[in-house]
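Chemist: The following block contains the structure, expressed as structure tokens.
The values are calculated or read from the model by the stated rules, or taken from the named source; none is laboratory data. Predicted model, so just to flag it, every value in this text is computed and none were measured. Glycine gets a Cβ as well: all are built from the backbone with ideal geometry, and neighbour counts include every protein chain shown. When the accessible area is computed, the model is the full protein with side chains, heavy atoms only, and any ligands, DNA or RNA have been set aside. Shrake-Rupley method; radii C 1.70, N 1.55, O 1.52, S 1.80 Å.
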Amino acid sequence: MAKKLKIILSVLLVVLIGAAAVVFTGVLDINKNLNKPEKPSDSPNAIGTDYKATYTANTAVSLPLMKTEFEDIFYTMSKQGEVHFYQASAGTLTEIPESGNFEVKAECSSQKLPAVIHYIEKDGKTDGYGLFTNIIYPDVLLYDYAFFKVTNMFGGFDDGKGTLLMMLDVDNTRFYKEDKVYSEIFYLYSDHTSKHFLSEDQRTVAMDGRVKTDYKMFTNNILAQGDSKNVLFFSSRYYVSYDETGLADIFTSGGSGTNVDNIRYIKNVASLNFWRNGSDTYYFEKNYEDNSFSLYRYDGEKATEVKKFGGDIKKDYLISGEFILTKSTGEVYNCISGQTLNIIYSCFNSGFTADLFTMSENGKYAVVRGVNGGNNPACGIMNFDANRMTAYEDNVFAYIANAHVLNDGSVYISAATGESASAFYQLTGKAQ
């Protein structure tokens, strides 16, 4: 027994030393996490100034804008964890003071990850952000990066004690991306101490010495689940890993007592997207008999196919909110209402295919970026009510970190000066 224990401890020590060696190499160059054209031209010829009829360049905000929970407020975050907030109004950006900040520590894999949360309070809501890296905090083992988000408690989460939720995304390739995946989620109490939302008893350890990040997965789109008494989330615990297989299930919390997550609610979903509408849950499922997938509605007892889509959901489609775009045609489908809209691709030169897509929350406006048949970068703003598209081809759209369109049709695009992303600036415009 003693010999067996010694062997196990030796193996664990090797794993931990290897993991420590990884984390102390420093954070990857997260400035390069750009939405680049899928088919970039070696020497694009779409150089011009026509886009200036719609867009104004603003160099005062030198980092990518990211959305808060408030429709008209953005934030920026540096690699040093500095956070600034900006109010958007009529195409302008005005820096506003934070409501406050506080220190937190999140326990992950027996390591306590510290961060300073900078937050905004508005209309009774709190929304805050922070950053841990092993450059800012070099004494922490196993982890090199964690993005922190703090937000209000939602109905299904509430334990009657916590005041806020705290989520962590530990994948630094998503630093400037809006579609973060939170593998750690905590109750955050008034004294800024925290407690894991879900039971960790069955969670396994990966080869890097950390607990597996696909045991539970939350995204921004699924955080607000109304006043439901249970919480749905994604998990790949029954598969090798989500990164390797792309397979996940939807789980529900509260299976056999408070704070227990042992119900496999919907099996083998095609993407990390679902939408709740009353007692119904909408999600995608792959059809293995052909190259297609389907949108399903699950009412808690049976699943009903709503719509079938041809092709691969990850290669041929883009998703923003509850809207899914067919990249090659411009058709936009609302996964909850069933409404179909169309982005006017004919405004571009032939062969346009989108590789970036975002919708306004009210569904009235969209921004698409992609390349045409000549592999030239192009970007368009669609006004669905007026059935009008404003489109331009220009190298200025080649390297985009984020694009946002608000409910009034105003557009804010964070662009890099080149592939190295040594500097950013903002393009602001308005749907016509």
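Chemist: Roughly how far apart, in whole Å, are the Cα centres of the range 111-167 and the range 182-218?
Modeler: Centre-to-centre distance over Cα atoms comes out at 12 Å.
Chemist: Sticking with this one: Where the accessible area of the range 57-205 is counted over protein heavy atoms with a 1.4 Å probe, how much of it, in %, is carbon and sulfur?
Modeler: 46 percent
Chemist: Now for a separate question. Summarise the accessible area of the range 331-428 (1.4 Å probe, protein heavy atoms) by the percent that is carbon and sulfur. Walk me through the numbers before you get to the answer.
Modeler: Values: 1230 of 3120 Å².
Ligands and nucleic acids excluded, carbon and sulfur reach 39 percent.
Chemist: I would also like to ask the following. So which GluC sites (Glu not before Pro) in the range 340-432 are both in a DSSP loop and have at most 15 other Cβ atoms within 10 Å of their Cβ?
Modeler: Of the GluC sites (Glu not before Pro), the ones in loops of the range 340-432 whose Cβ has at most 15 other Cβ atoms within 10 Å are 361, 419.
Chemist: Rounded to the nearest whole Å², what accessible area per residue is found for the range 256-350 with the 1.4 Å probe?
Modeler: 50 Å²
Chemist: Divide, for the range 122-181, the radius of gyration over alpha carbons by 2.2 N^0.38 Å, where N is the residue count. Please report the intermediate quantities before stating the final value.
Modeler: On the way: Rg = 13.7 Å, N = 60, 2.2 N^0.38 = 10.4 Å.
The value comes to 1.32.
Chemist: If you filter the range 48-119 for GluC sites (Glu not before Pro), then keep DSSP loop positions with at most 13 other Cβ within 10 Å, what is left?
Modeler: 82
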